[in-house]
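Q: My questions all concern the structure below.
The values are calculated or read from the model by the stated rules, or taken from the named source; none is laboratory data. On a predicted model such as this, the values are computed, not experimentally measured, just so you know. In this analysis, Cβ positions are derived from the backbone assuming ideal geometry, glycine residues included, and neighbour counts consider all displayed protein chains. When the accessible area is computed, the model is the full protein with side chains, heavy atoms only, and any ligands, DNA or RNA have been set aside. Shrake-Rupley method; radii C 1.70, N 1.55, O 1.52, S 1.80 Å.
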Amino acid sequence: MPKKIKKVGVLTSGGDSPGMNAAIRSVVRTCAYHNIECIGIYRGYQGMIEGDFKEMGPRSVNNIVNKGGTILKSARSLEFKTPEGRKQAHENLIKAGIDALVVIGGDGTFTGGLLFNNEFGFPVMGIPGTIDNDIFGTSHTLGYDTALNTVVDVIDKIRDTASSHNRLFFVEVMGRDAGHIALNAGIGAGAEEILIPEEDLGLERLLESLQKSKASGKSSSIVVIAEGDKIGKNVFELKDYVEANLPEYDVRVSVLGHMQRGGSPSCFDRVLASRLGVKAVESLLEGKSNYMVGLQNDKVALTPLEQAIKGKTEIDKELLRVSDIMST
Ligand code: ATP
């Protein structure tokens with residue numbers, strides 16, 4: 001019989017993403033709803049090692065559902081990767097009477113949580129929070145939808161200037177290993193071409209496509225490029241290559257950077273965060289551990305943490321075809 005859970009700790013770890021605050025709020029209020037205590041752990045696993053804890057009642061999370069970032073702060077903790085660090089963290093949790101954890105973050109955060117469970121038998125539940133949408137077991141991670149909307153909004157603005165000056169813009173978006181943002185925001189913003197880490201479009205094909213687009217009467221173009229695109233050239237090298245081969249083009253580069261991680265979460269991310277927080281706490285109360293809560297076919301579902309860490313997400317290849325057709 002698992003120990004009855006009376007106090008849940010919650011932390012955010014790794015890169016921040018919009019919707020993390022809404023998830024913290026959901027965890028805190030679900031605990032209050034079930035008459036159990038909730039403790040906020042500051043700065044991810046580093047705060048666990050340092051005992052940086054704060055009791056959180058339902059009113060402590062007023063007015064954060066709409067805020068980007070994370071009120072609990074996030075950190076990358078090297079110390080937690082050592083057995084001594086994790087032992088110290090465990091002692092602090094026991095001292096504070098915390099008997100289960102909800103960890104909000106990416107696969108590194110889940111890896112740390114799983115290891116912690118394996119070493120101390122401590123119940124852990126994960127909530128996927130990262131804008132890259134690269135976690136197996138959920139169709140959407142927290143922050144992804146907001147990031148897509150941010151990127152589309154910015155590309156719309158870039159298009160205004162691109163079309164006024166007949167320019168070609170290369171817009172670099174986040175995604176070192178995953179092209180979900182580039183592919184979806186690219187289609188949403190009407191990009192001419194989309195370069196992603198999963199597919200090698202090839203430089204020739206890029207040139208051909210740009211030539212075709214000019215010949216068809218388009219006066220400006222947007223190419224969306226994920227940070228880790230398969231062609232292997234960075235966005236500035238690509239600009240030089242295209243200008244050398246297609247002198248008729250005046251290419252400008254825009255690297256969107258960290259603005260993609262900020263901002264008020266979209267309604268979708270707020271609702272998702274609320275649903276995942278409820279499921280995470282209620283699953284712990286049912287005696288479950290070592291799962292990630294996620295969204296599958298619009299339903300909240302559990303995936304073993306191990307699978308969430310090891311599994312690979314795939315892009316929807318049909319979207320590449322849709323993008324091709326749209327740039328006709
Ligand atoms: P993002 O997707 O934004 O990078 P993440 O959760 O993958 O998020 P990481 O920096 O990889 O971010 O991991 C967050 C924290 O999890 C690390 O700083 C560390 O404290 C812990 N962690 C990661 N990997 C391990 C590991 N192998 N062992 C123990 N702890 C780990």
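Q: Can you pull out every residue in the stretch 131-160 that is among the hydrophobic types (A, V, I, L, M, F, W, C) and assigned to a loop (DSSP other than H, G, I, E, B)?
A: Matches in the stretch 131-160: Ile131, Ile135, Phe136.
Q: Whether any residue in the stretch 280-288 is out of contact with any Asp or Glu (no Cβ under 9 Å at 6 or more places or on another chain), among the hydroxyl-bearing types (Ser, Thr, Tyr), under 30 Å from Gly68 (Cβ atoms) and buried (at least 19 other Cβ atoms within 10 Å of the Cβ) is what I want to check.
A: The answer is yes; a qualifying residue exists.
Okay, residues lined up against (1) outside the structural domain of Leu295 (by TED's automatic domain parsing); (2) part of a loop (DSSP other than H, G, I, E, B); (3) in contact with a Leu (Cβ under 8 Å, 6 or more places away or on another chain); (4) surrounded by fewer than 16 Cβ atoms within 10 Å (Cβ to Cβ):
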| residue | (1), (2), (3), (4) |
| --- | --- |
| Ser163 | yes, no, no, yes |
| Ala178 | yes, yes, no, no |
| Ala191 | yes, yes, no, no |
| Leu201 | yes, yes, yes, no |
| Lys218 | yes, yes, no, yes |
| Gly228 | yes, yes, no, no |
| Lys239 | yes, no, no, no |
| Val242 | yes, no, yes, no |
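Q: Collect the residues in the stretch 247-277 that are at pLDDT 90 or above and either more than 30 Å from Asn21 (Cα to Cα) or polar (S, T, N, Q) (or both), keeping them in residue-number order. Write out each step before concluding.
A: Just the residues of the stretch 247-277 that are at pLDDT 90 or above, to begin with: 251-277.
Listed by number, the residues that qualify are Val251, Arg252, Val253, Ser254, Gln260, Ser264, Ser266, Ser274.
Q: Please specify each residue of the stretch 116-130 satisfying the condition of being more than 8 Å from the ligand (Cβ to nearest atom) and in a loop (DSSP other than H, G, I, E, B).
A: Correct list: Gly121, Phe122, Pro123.
Q: Still on this structure, please answer the following. Of the residues that make up the stretch 254-271, is at least one under 30 Å from Ser220 (Cα atoms), open to solvent by 20 Å² or more (accessible area, probe 1.4 Å) and in contact with a Phe, Trp or Tyr (Cβ under 7 Å, 6 or more places away or on another chain)?
A: Yes.
Q: Quick one: which of Glu84, Glu37, Glu91, Glu119 is open to solvent by 10 Å² or more (accessible area, probe 1.4 Å) and touching a Cys at 6+ places or on another chain (Cβ under 7 Å)? Give the derivation first.
A: Working: Glu84 fails: touching a Cys at 6+ places or on another chain (Cβ under 7 Å); Glu91 fails: touching a Cys at 6+ places or on another chain (Cβ under 7 Å); Glu119 fails: touching a Cys at 6+ places or on another chain (Cβ under 7 Å).
Unique residue meeting the criteria: Glu37.
Q: Mind telling me which of the residues Ile5, Ile24 ends up being away from the ligand (no atom under 16 Å from the Cβ), open to solvent by less than 20 Å² (accessible area, probe 1.4 Å), touching a residue at least 60 places away in the same chain (Cβ under 8 Å) and in contact with a helix residue (DSSP H, G or I) (Cβ under 7 Å, 6 or more places away or on another chain)? So that I can check it myself, show each step before the final result.
A: Working: Ile24 fails: away from the ligand (no atom under 16 Å from the Cβ).
Checking each option against the conditions leaves just Ile5.
Q: Which residue out of Gly113, Gly69, Gly57 is closer than 17 Å to Ile41 by Cβ, within 9 Å of the ligand (Cβ to nearest atom) and in contact (Cβ under 8 Å) with a residue 24 or more places away in the chain? Walk me through how you get there before you give the answer.
A: Numbers: Gly69 fails: within 9 Å of the ligand (Cβ to nearest atom); Gly57 fails: within 9 Å of the ligand (Cβ to nearest atom).
Step by step, each of Gly113, Gly69, Gly57 is checked, and only Gly113 is closer than 17 Å to Ile41 by Cβ, within 9 Å of the ligand (Cβ to nearest atom) and in contact (Cβ under 8 Å) with a residue 24 or more places away in the chain.
Q: Can you find even one residue in the stretch 16-33 that is within 19 Å of Glu91 (Cβ to Cβ), outside any helix (DSSP H, G or I), in the same structural domain as Ile127 (by TED's automatic domain parsing) and under 24 Å from the mean Cα position of the chain (by Cα)?
A: Checking the stretch 16-33: not a single residue is within 19 Å of Glu91 (Cβ to Cβ), outside any helix (DSSP H, G or I), in the same structural domain as Ile127 (by TED's automatic domain parsing) and under 24 Å from the mean Cα position of the chain (by Cα).
Q: Right, here's the next one. Considering only the stretch 203-216, how many residues are of a type in the set (Gly, Ala, Ser) and open to solvent by 60 Å² or more (accessible area, probe 1.4 Å)?
A: Applying the first criterion (of a type in the set (Gly, Ala, Ser)) to the stretch 203-216 yields 209, 213, 215-216.
With the extra rule that they be open to solvent by 60 Å² or more (accessible area, probe 1.4 Å), the set shrinks to 215-216.
Residues flagged as of a type in the set (Gly, Ala, Ser) and open to solvent by 60 Å² or more (accessible area, probe 1.4 Å) within the stretch 203-216 amount to 2.
Q: Take the conditions within 27 Å of Ala189 (Cβ to Cβ), open to solvent by less than 40 Å² (accessible area, probe 1.4 Å) and of a type outside the set (S, T, N, Q) and apply them to Ile325. Does it pass?
A: Judged against the criteria, Ile325 is not a match.
Q: Tally the residues that are surrounded by 19 or more Cβ atoms within 10 Å (Cβ to Cβ) and in a helix (DSSP H, G or I), restricting the search to the stretch 301-319.
A: Result for the stretch 301-319: 3.
Q: Among the residues that make up the stretch 285-300, is at least one of them free of Cβ contacts under 8 Å to residues at least 60 places away in the same chain, in a strand (DSSP E or B) and not assigned by TED's automatic domain parsing to the domain that holds Glu199?
A: yes
Q: When the residues of the stretch 72-110 are filtered to those that are in a helix (DSSP H, G or I) and within 29 Å of Thr146 (Cβ to Cβ), which remaining residue is farthest from the ligand (Cβ to nearest atom)?
A: Of the stretch 72-110, the ones in a helix (DSSP H, G or I) are 79-81, 83-95, 107-110.
Now narrow it down to the ones that are within 29 Å of Thr146 (Cβ to Cβ): 80, 107-110.
Working: Phe80: 4, Asp107: 5, Gly108: 2, Thr109: 3, Phe110: 7 Å.
Per the criteria, the residue is Phe110.
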